[in-house]
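Okay, so here's the structure we're looking at.
The values are calculated or read from the model by the stated rules, or taken from the named source; none is laboratory data. The structure presented is a predicted model; accordingly, all values stated were derived computationally and were not measured. Note: ideal-geometry Cβ built from the backbone for every residue, glycine included; neighbour counts use all protein chains shown. Protein only, heavy atoms only, side chains kept; ligands, DNA and RNA dropped before computing areas. Shrake-Rupley method; radii C 1.70, N 1.55, O 1.52, S 1.80 Å.
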2 protein chains.
Amino acid sequence: MRIGELARRTGASERALRYYEEQGLLSPARLPNGYRDYDERCAVTVRRIRILLSAGLGTAAVAEILPCVADDTVVLAGTCPELREGLAAERRRIDAAIGDLTAARDILDSLVGRPLYGPAAPAA
Amino acid sequence: MRIGELARRTGASERALRYYEEQGLLSPARLPNGYRDYDERCAVTVRRIRILLSAGLGTAAVAEILPCVADDTVVLAGTCPELREGLAAERRRIDAAIGDLTAARDILDSLVGRPLYGPAAPAA
DNA sequence: CTAAACCCTGACGTTGACGTGAAGGTCAAG
DNA sequence: CTTGACCTTCACGTCAACGTCAGGGTTTAG
């Protein structure tokens, strides 16, 4: 498929898709006329990219991670310790971010008078 | 206290503290010599600011929220529907962000061979 | 008096993930 | 042939939350 369709199917803008390629996250084939030609797996990859990016990872980190998960099966498991430590660091950052988000949500909830956790019904 | 001490006590940089003031999030008194003079409540406020910012809210949103929670007690509960809807929207965004983060963490975990959640053992 | 911490107000620089044209090929339809 | 949708490659613009000087007061310690 060409870039327009992939954009529609993934929700990413065409610009974003070209940017991902520029950053080495995606390497679509080219049609004889120079158009980019994406296959089905690209759609999956793009969704993964967006998840990782929206989780605060940079394109460089995503570029390191993608090839490992790209072939649908988990591949890593035993690779260079550098990468493993990098992933662990990202994991810690993500956990911290989740903590921050949860704290912020609690603040918002307290403003609206929503209970701070559990399904405990609001004191009638 | 002056800006340096508040910075040390909150972890925010002096620049950040001036920026928060510039954005209307903080309004410290001034000493006769022009120095900013923060009281204890400012420390609490700054921590709240940082949580909300790190949760992805913008300074404008934080500025709307802060006065409601500032006086230590939850105050809002029944305010203009605009603000309430804004808060609800932020809450939805935060929930979505948490979802993304969790998904990203799962991807990372799968790379490291960690079980994705439930106690289902990884296929040997 | 002088250095050393502090503080002040501008105001330009940074970073990341794109947005937004500019200028121009390609291709199916009428 | 021409319109129009689609694609291409540059390349500058954006936005947020600060970082980082520049240039200059002030108060304390020696």
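Once amide H atoms are placed 1.01 Å from N in the peptide plane, what residues at a sequence separation of 5 or more from A:D37, or on another chain, have their amide H within under 5 Å of its amide H?
Hits under the 5 Å cutoff: A:A29, A:R30, A:L31.
Just to verify a number: what accessible area does A:T59 come out at with the full protein assembly present, 1.4 Å probe, Å² rounded to tens?
Near enough 30 Å² of accessible area.
Please give the total accessible area that chains B and A bury against each other, computed with a 1.4 Å probe and expressed in Å² to the nearest 100.
So the buried area, both faces added, is about 3000 Å².
Spin-label point model (7 Å from Cα, Cβ direction): what's the A:A103 to B:T102 distance in nm?
The modelled label-to-label distance comes out at 2.0 nm.
Quick check for you: which residues of segment A:30-49 have the amide N under 12 Å from the point 7 Å beyond the Cα of A:R2 toward its beta carbon?
A:31-38, by backbone N distance to the label point.
Mind giving me the FRET efficiency for B:S27 and A:A16? R0 is 35 Å, r the Cβ-Cβ distance, nearest 0.05 is fine.
Given R0 = 35 Å and the Cβ-Cβ separation, E is 0.30.
Between copies, how far does the label point of B:N33 sit from its twins, in nm, shortest first, when each point is 7 Å from Cα along Cα→Cβ?
Computed spacing set for this position: 7.3 nm.
Within 10 Å of each Cβ in B:56-67, how many Cβ atoms from other chains are there, averaged over the peptide?
Average neighbour count from other chains, rounded to a whole number: 1.
Could you state how much accessible area A:V112 has, in square angstrom rounded to the nearest 10, with a 1.4 Å probe and all protein chains kept in place?
Rounded to the nearest 10, the figure is 40 Å².
Under the convention of a label 7 Å out along Cα→Cβ, give the distances in nm from A:R8 to the same position in every other copy, shortest first.
In ascending order, 6.2 nm.
Distances from B:R84 to the same position in the other copies: list them in nm, one decimal, shortest first, using label points 7 Å from Cα along Cα→Cβ.
5.3
Classify segment B:1-72: rounded, prolate or oblate, from the alpha-carbon gyration tensor (a ≥ b ≥ c, eigenvalue square roots; a/c under 1.5 rounded; otherwise prolate if a/b is larger than b/c)?
Verdict is prolate for segment B:1-72.
Given the rotation that superposes chain B on chain A, what residue of B brings its beta carbon nearest the axis, and what is the distance in Å?
Here the nearest residue and distance are B:I98, 3.
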